[in-house]
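Below is one structure, written out as structure tokens, with a few remarks after it.
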Amino acid sequence: MIVSGLLAALFTIILAGCGVTMSIFARDSRINLIECACLSWLFGCGIVSLLLWIFGALCSGLLLQLLVAIACLLVAIVGWRARRKTSARFTLPQPGNIFEWVLASIIVIEIAVLIFVSFKHTLGWDGLLNWELKARYAFLNGGIIPASYFSSPGRAFSHPEYPLGIPFTELWLYLWMGEPNQFWVKIIFPLFYAACAPLLALLISRLSGKRWIGLLVAALLPFVPSISASPGGIVVGYVDVPLSVFYLAALGYLLLWFRTTDSRFMMVFAACSAFLPWTKSEGVILWLVLVLLGFSLSFVKRRLALFSIAIVPGLLVIFSWRVFLRVVHLWPHSDFARPSFSLARNNIGRLRDIFGILFAELSETFHWSIFWLMAAAAIVYLFASRKLETIALASAVIVPILLYSLIYVFSTWASYSAHMTSSIPRLLLHVMPAAWLAIGLALSQSKRETQTF
């Protein structure tokens with residue numbers, strides 16, 4: 001019964017996401033099945049978690065579960081009808097030669113291995129006390145987190161200010177399984193990796209015109225130690241990898257829109273970027289970076305109006321969550337002080353230590369192997385190309401790292417260096433797939449071979 005409930009929960013998530021994906025790509029005569037599957041998981045997790053939060057204000061228990069399930073079904077029906085109306089058909093792109101077949105097989109094997117490994121590891125510290133704890137509270141309270149949780153000083157250690165994208169995805173699985181089963185809920189995180197690797201290959205293939213480079217980079221993805229191991233990897237149940245996948249998708253489709261001006265790509269960007277602040281607080285920073293880059297790219301294309309509309313969903317998520325936290329009287333967050341010029345001036349001396357710690361972490365082969373060395377070379381090449389889209393891609397990797405580092409100027413920990421050392425490895429994961437995208441485009445150089453992927 002538990003496994004049956006798990007499968008039903010996963011099916012409704014993918015059903016809702018597939019409905020949105022088909023609605024977006026219905027105008028095309030062909031819908032890439034791999035692309036549809038990857039985006040369906042991303043959209044589905046975002047939609048289900050948002051619906052649980054919104055409908056949770058009206059009802060609870062079995063009625064809440066039923067309403068969300070019906071909403072998922074309705075979204076799927078709308079998408080299916082849109083696809084039928086345009087007679088769009090699903091296509092499965094296949095490797096074009098033996099080398100590509102080998103790389104594709106390696107990617108499939110890696111996904112299977114990481115799913116297996118994830119079930120051999122327990123949820124990590126943050127996975128339990130910052131994320132799963134919220135899902136458990138909600139499950140035990142009929143699908144709604146008690147308002148007292150947010151205002152309780154005794155629960156401040158679990159970061160009640162963090163958004164509910166992943167906790168409510170876990171909650172959805174719990175509701176269908178009938179119990180808060182920490183073993184099976186771990187399936188969420190390798191599934192995000194299963195969406196990340198093919199999506200990375202697809203984006204590089206489209207942007208570079210060389211499918212083999214996309215497949216090669218996707219095959220190299222798990223060889224970065226941090227993607228599969230703590231701190232922050234998929235086996236410990238943290239949200240850093242899911243956040244990085246949303247960031248990769250939003251960035252990649254923004255670049256595709258800049259190159260083609262296809263409004264469908266802008267729709268995908270709008271959805272994926274909106275889920276960034278719904279996944280983790282740092283998602284607001286990533287969203288702001290994408291907005292700044294997007295305004296620059298859209299200004300060149302003279303399509304500022306369309307891009308302005310695309311950022312509205314993200315604004316609504318950010319604003320709604322802020323209002324909610326104010327309504328429930330959130331206990332004040334204590335890890336960081338409110339930024340001010342006077343505080344920045346007093347703590348400016350921290351910058352030397354902060355950038356020293358950052359360099360040490362980027363050089364840590366136990367966490368990253370030689371990944372950041374390759375990423376640095378790719379970023380230098382992209383800047384040297386003097387093309388707006390490659391400069392935007394390189395900036396999408398560098399700017400979040402710099403902003404993440406600067407926030408420790410306002411750390412309230414007794415040892416800000418200990419604060420940074422304990423958290424910066426996870427923060428770097430947020431831009432790691434985007435850095436792989438930069439590596440892929442740098443490898444492709446300027447000569448492009450157009451392929452359908």
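Would you kindly calculate the translational diffusion coefficient of segment 128-228, applying Stokes-Einstein with the Kirkwood radius from alpha carbon pairs, for 10 °C and a viscosity of 1.306 mPa s, and quote it in µm² s⁻¹ without decimals?
On the way: Rh = 15.8 Å.
The calculation lands on 100 µm²/s.
Amide hydrogen proximity for residue 336: with H placed 1.01 Å from N in the peptide plane, the residues at 5 or more positions away or on another chain lying under 5 Å are 412.
At most 14 other Cβ atoms within 10 Å and a DSSP loop assignment: could you name the chymotrypsin sites (Phe, Trp or Tyr not before Pro) in segment 173-263 that fit? Provide the component values of the computation, followed by the final result.
Numbers: sites: 174, 176, 183, 184, 192, 193, 212, 223, 238, 246, 247, 253, 257, 258; in loops: 183, 238.
Here the sparse-neighbourhood loop sites are 183.
A straight chain from residue 102 to residue 223 at 0.36 nm per residue would run longer than the Cα-Cα distance by 41.9 nm.
Remark: segment 12-21, residue by residue, has Karplus-estimated 3J(HN,Hα) of 5, 4, 5, 4, 5, x, 5, x, 5, 4 Hz, where x stands for each Gly or Pro and the curve is 6.51 cos²θ - 1.76 cosθ + 1.60 at θ = phi - 60°. Of the solvent-accessible surface of segment 155-265, computed with a 1.4 Å probe over protein heavy atoms with every protein chain present, carbon and sulfur atoms account for 62 percent.
In this rough spin-label picture, where each label sits 7 Å from Cα along the Cβ direction, the residue 343-residue 309 distance is 3.9 nm. Per residue, segment 235-322 exposes 32 Å² of accessible surface when a 1.4 Å probe is rolled over the protein heavy atoms with every protein chain present. Could you compute the FRET efficiency for residue 140 and residue 327, with r as their C-beta to C-beta distance and R0 at 25 Å, rounded to 0.05? That gives a FRET efficiency of 0.70.
The packing ranking, built from the mean of other Cβ atoms within 10 Å per residue, places the peptides 75-81, 215-221 in the order 215-221, 75-81, highest first. Evaluating kT/(6 pi eta Rh) at 25 °C and 0.890 mPa s, with the Kirkwood radius of segment 281-420 over Cα pairs in the Stokes-Einstein relation, gives 137 µm² s⁻¹. Applied to segment 186-194, the Karplus parametrisation 6.51 cos²θ - 1.76 cosθ + 1.60 on θ = phi - 60° returns per-residue 3J(HN,Hα) values of 5, 4, 4, 6, x, 5, 5, 5, 4 Hz, with x for Gly and Pro.
Report relative contact order for the chain in percent, whole number only (criteria: Cα-Cα under 8 Å, sequence separation at least 6). Before the final figure, lay out the partial values.
On the way: 698 pairs, mean separation 82.3, N = 453.
Rounded, it is 18 percent for the chain.
Using θ = phi - 60° in the Karplus curve 6.51 cos²θ - 1.76 cosθ + 1.60, the 3J(HN,Hα) couplings for segment 47-61 round to 5, 4, 5, 5, 5, 4, 5, 6, 5, x, 6, 10, 7, 8, x Hz; x is entered for Gly and Pro. Distant-in-sequence amide contacts of residue 90, defined by a placed amide H-H separation under 5 Å and a gap of 5 or more residues or a different chain, comprise 31. Restriction of the trypsin sites (Lys or Arg not before Pro) in segment 109-191 to DSSP coil positions whose beta-carbon has at most 13 other beta-carbons within 10 angstrom yields 120.
The values are calculated or read from the model by the stated rules, or taken from the named source; none is laboratory data. No experiment lies behind these values; they were computed from the predicted model shown. Ideal geometry is used to build each Cβ from the backbone, glycine not excepted, and the neighbour counts take in all protein chains shown. The area values use the complete protein model at the heavy-atom level, side chains included, leaving out ligands, DNA and RNA. Shrake-Rupley method; radii C 1.70, N 1.55, O 1.52, S 1.80 Å.
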